[in-house]
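Mind looking over this structure? Questions follow.
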Amino acid sequence: MDYTDAIIWYLSWPVLIYVAYRFVWLNIRHHARMEKLTALEEHVGDTWQEQDPLLQENPDEEK
Amino acid sequence: MGHIDPSLVDWSRAQFALTALYHWIFVPLTLGLTFIVAIMETIYVKTSDEWWKKTTRFWMGLLAINFAIGLATGIIMEFEFGTNWSNYSWIVGDIFGAPLAIEGIMAFFMESTFFAVMFFGWDKVSKRFHLLSTWLVAIGSNLSALWILVANGWMQHPVGMRFNPDTARNEMVSFWDVLFNPNAYTKFLHTISSGYVLASLFVIGVSSWYLLRKREIKFAKRSIVVAASFGLLVSLFNLTTGDDSARQIAVDQPMKLAAMEGLYEGKPGAEIVAFGILNPDKKLRDSTDPFLFKVAIPEGLSLLSYHRLDAYVPGIHQLVDGSKEHNILSVAEKMKRGRKAVEALAAYKVAQKAGDKEAMKQALATFRHYSAYLGYGYLKNPEQAVPPVATTFYAFHTMVGLGTWFILLFFLILYAAITDRLQKLRWLLWAGVISLPLGYVAQEAGWITAEVGRQPWAIQDMLPVGMATSNLSTSPVMLTFWLFAILFTALLIAEVKIMTAQIKIGPKEHDHV
């Protein structure tokens, strides 16, 4: 009996868990950013982008 | 083996099916929720954000309730092998017992030990040791499943053993053949990934309910992102393992595949039924159309089973009556050969008692020649080799249909969650809530497909269920069936009530931070 297929398939289990963890991490970070943006919009209104110097094309000029 | 009352066989089967179906309500959630909790705790340790600790502890509480009740049903099932299936345990205990013993010694001890640390060890052990314990619980519970499914895979496709005519038992000759049995790894991966799907649906369902009630908004949204991300990946993996499992079934259990698809007449380029209603008047060997209605994909079954559009897939008629063209032996011929094996075994015993070594040698040679058909020697008629087609067909199609819906659901929910639009899409939240019970339906349907589809065999082609039971009177089996039915239902009601109460309280009461 050739065990190659079985070994490859069994090894896919920890790989799946690791990839799933990285995928969750990626999405949760993105979601956290979205949460912050939503919170900013709620507190400052939709003009917050104009008020944030980091989001200006030339922040020095704005000053 | 003496005469066994057919009603005893039916009651023993009913009791085992009842225990397995109830057990399978609790187990898949444990398999998946342990990993979801471990991922949440990893985020907590990595970010040191105490909010993630609160989230982890809430889901861990629900996991603990489920774990405890799942344990009770699992232990009863293991005892039933001895009480109700002692012939089975005698004939294959040497092989079947090994993975079960490893499960008890290695995996179960591991998960139980670290479960205590995981549940009671908050603030008593270091953060990292606690996280390690949580991951070990997740790995341990899944390793438990591995050994159980190695045993189950062996029943579907027995390998790595040799029949000992002196003891009338099968003995293991290669542990690695049993562990690396294609049926074992496909079953393991497909089963655990379906458990991950259920756990993801569970987290999404509960969190969606919070969002619909406008409660625990941040907690629910973040939990949904974790569960939908995890669910989407594992459900896609589940799809690939399902495909691999179907190809394995086509090779090892063609009758199960034919029943899964309601395929009576085999053909090259066989279609796959996406949706269909079986004709209840269809009988074996008549020319009635097996379907009242169907939507089919041409050549789909050939592609699924052999990865070739023109591959020949045998139907139930060919598998029962044989086909010279496709080199398929009829069940009647297999029964004839099986009876020769049974007779040769009996002759071997007689010769052994008489001390006639030459006769023993001859009987053994005959037995070895026909032993591949041994199980068929115990069938009463060829029709007995056909599993219940309607149950297998509907269970399989329910599983596949729901599995496809879950992939779509995970994708939609994840997209809505990461773009922070989930609260506005109330229909999607309702779909999340409704899909929670559907997850359980899919789990049970999968298990029914696997087990009903391989009837009449306790061990494929080797031991029919009728020969596997203990020689008991029917009444104690009937009595314990009803006792277990009441007990398991009470446990299920208790679990649902405790969980519902915890969910209604919400994560706030778990906020010890």
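State, to one decimal in nm², a quarter of the convex hull surface area for the C-alpha atoms of chain B, i.e. the direction-averaged projected area.
26.2
Quick one: which residues, 5 or more positions from B:Ile272 or on another chain, have an amide H under 5 Å from its amide H? H modelled 1.01 Å from N in the peptide plane, none for Pro or chain starts.
For B:Ile272, the qualifying residues are B:Ile297, B:Glu299, B:Gly300, B:Leu301.
Karplus couplings for region B:174-181 from phi (6.51 cos²θ - 1.76 cosθ + 1.60, θ = phi - 60°), rounded to Hz, Gly and Pro as x?
9, 4, 5, 4, 5, 5, 9, 3
Taking the Cα of B:Glu325, stepping 7 Å toward and past its beta carbon, and measuring to each backbone N in region B:262-292: which are under 18 Å?
B:263-271, B:285-287
In addition: Using only helices, what value at 222 nm comes out for chain B when you add -39,500 (n - 2.57) per DSSP H run of length 4 or more and divide by the total residues, to the nearest 500 deg cm²/dmol?
-24500 deg cm²/dmol
Still on this structure, I have one more. Among B:Glu261, B:Glu78, B:Glu103, which comes first, then next, by fewest other beta-carbon atoms within 10 Å?
So the residues, fewest neighbours to most, are B:Glu78, B:Glu103, B:Glu261.
Could you tell me how many degrees, from 0 to 90 and to the nearest 10, lie between the Cα long axis of helix B:474-505 and the main elongation axis, the longest principal axis, of the Cα atoms of chain B?
20
Testing the spin-label approximation: label points 7 Å from Cα along Cα→Cβ at B:Asp49 and B:Ala17. State their distance in nm.
According to this spin-label approximation, the distance is 4.8 nm.
Give me Rg over Rh for region B:156-246, both radii from the alpha carbons and Rh done the Kirkwood way, two decimal places.
1.31
Per 10 Å bin, what percent of the C-alpha pairs of region B:331-378 does each bin hold, from zero upward?
Bins of 10 Å from zero give 36, 45, 18, 2 percent of pairs.
Please list, or write none, the lysines whose alpha carbon is within less than 19 Å of the alpha carbon of B:Lys357, excluding same-chain residues fewer than 8 places away.
Answer for B:Lys357, where 19 Å is the Cα cut-off: B:Lys349, listed by chain and number.
What is the mean number of Cβ atoms from other protein chains located within 10 Å of the Cβ atom of each residue in peptide B:413-419, rounded to a whole number?
Mean partner shielding for this stretch: 3.
Among the lysines, which fall within straight-line cross-link reach of B:Lys282, defined as a Cα-Cα distance under 17 Å, with same-chain neighbours fewer than 8 residues apart omitted?
In chain and number order, the partners are B:Lys294.
In Å³ and rounded to a whole number, note down the convex hull volume per residue for the Cα atoms of region B:155-200.
77
What does the convex hull of the Cα atoms come to per residue for region B:49-208, in Å³?
Hull volume normalised by residue count: 128 Å³.
Report relative contact order for chain B in percent, whole number only (criteria: Cα-Cα under 8 Å, sequence separation at least 6).
Relative contact order here is 21 percent.
Something else: Compare the peptides B:347-358, B:477-488, B:388-399 by average per-residue count of other Cβ atoms within 10 angstrom and give them in order, highest first.
B:388-399, B:477-488, B:347-358
Further question: Neighbour counts of other C-beta atoms within 10 Å: give me A:Val44, B:Val295 arranged from fewest to most.
The order, fewest Cβ neighbours first, is B:Val295, A:Val44.
May I pose another question? Can you give the mean number of other chain Cβ atoms that lie within 10 Å of the Cβ atoms in peptide A:10-21?
6
Taking amide H positions as placed in the peptide plane 1.01 Å from N, state which residues far from B:Phe291 in sequence (5 or more) or on other chains have amide H under 5 Å from it.
Those qualifying (amide H under 5 Å, at least 5 residues apart or on another chain) are B:Asn279.
Please report, for the Cα atoms of region B:361-513, the Rg to one decimal and the Dmax as a whole number; what are they, in angstrom?
When restricted to the Cα atoms of region B:361-513, Rg and Dmax are 24.2, 78 Å.
Sticking with this structure for a sec: Modelled label-to-label distance, B:Lys124 and B:Lys380, 7 Å Cα→beta-carbon offset: nm?
Taking the two extended label points, one gets 5.8 nm.
For a quick protection proxy, order the peptides A:12-23, B:31-42, B:430-441 by their average other-Cβ count within 10 Å, most packed first.
Taking the mean over residues of other Cβ atoms within 10 Å, the ranking is B:31-42, B:430-441, A:12-23.
Given 20 °C and 1.002 mPa s, how large is the Stokes-Einstein diffusion coefficient of region B:89-170 in µm²/s, with Rh as the Kirkwood radius over Cα pairs?
Taking Rh from Cα pairs, D becomes 148 µm²/s.
Using the Cα gyration tensor of region B:261-321, with a ≥ b ≥ c the square roots of its eigenvalues, what is the shape: rounded (a/c below 1.5), prolate (a/b larger than b/c) or oblate (neither)?
Verdict is oblate for region B:261-321.
Rank the residues B:Asp281, B:Asp49 as a footprinting-exposure proxy: fewest other Cβ atoms within 10 Å of their Cβ go first.
Result, fewest neighbours first: B:Asp281, B:Asp49.
Additional query: Among the lysines, which have Cα under 17 Å from the Cα of B:Lys353 when same-chain residues fewer than 8 positions away are ignored?
Cross-link targets: B:Lys361.
The protein assembly as shown: percent of C-alpha pairs farther apart than 41 Å?
The proportion of pairs with Cα distances above 41 Å equals 31 percent.
State whether region B:310-393 is rounded, prolate or oblate according to the following rule on the C-alpha gyration tensor (a ≥ b ≥ c being the square roots of its eigenvalues): a/c under 1.5 gives rounded; otherwise a/b larger than b/c gives prolate, and the remaining case gives oblate.
Prolate, because a/c is 1.5 or more and a/b exceeds b/c.
Another question about this same structure. Given a cut-off of under 8 Å on Cα pairs at least six residues apart, what relative contact order in percent is computed for region B:261-321?
Once normalised by length, the contact order is 46 percent.
Can you bin every Cα-Cα distance in region B:424-513 into 5 Å intervals starting at zero and give me the percent of pairs per bin, rounded to whole numbers?
Spelled out bin by bin, region B:424-513 gives 3, 9, 8, 12, 17, 15, 11, 8, 7, 5, 4, 1, 0 percent.
With each pseudo-label sitting 7 Å past Cα toward Cβ, what's the B:Asn279-A:Val19 distance in nm, one decimal?
For B:Asn279 paired with A:Val19, the spin-label model returns 4.4 nm.
Values quoted throughout were computed directly from the atomic coordinates according to the rules given, and no laboratory measurement underlies them. The shown structure was predicted, so the numbers you read here are calculated from the model rather than taken from an experiment. Every residue, glycine among them, receives a Cβ derived from its backbone with ideal geometry; neighbour counts consider all protein chains shown.
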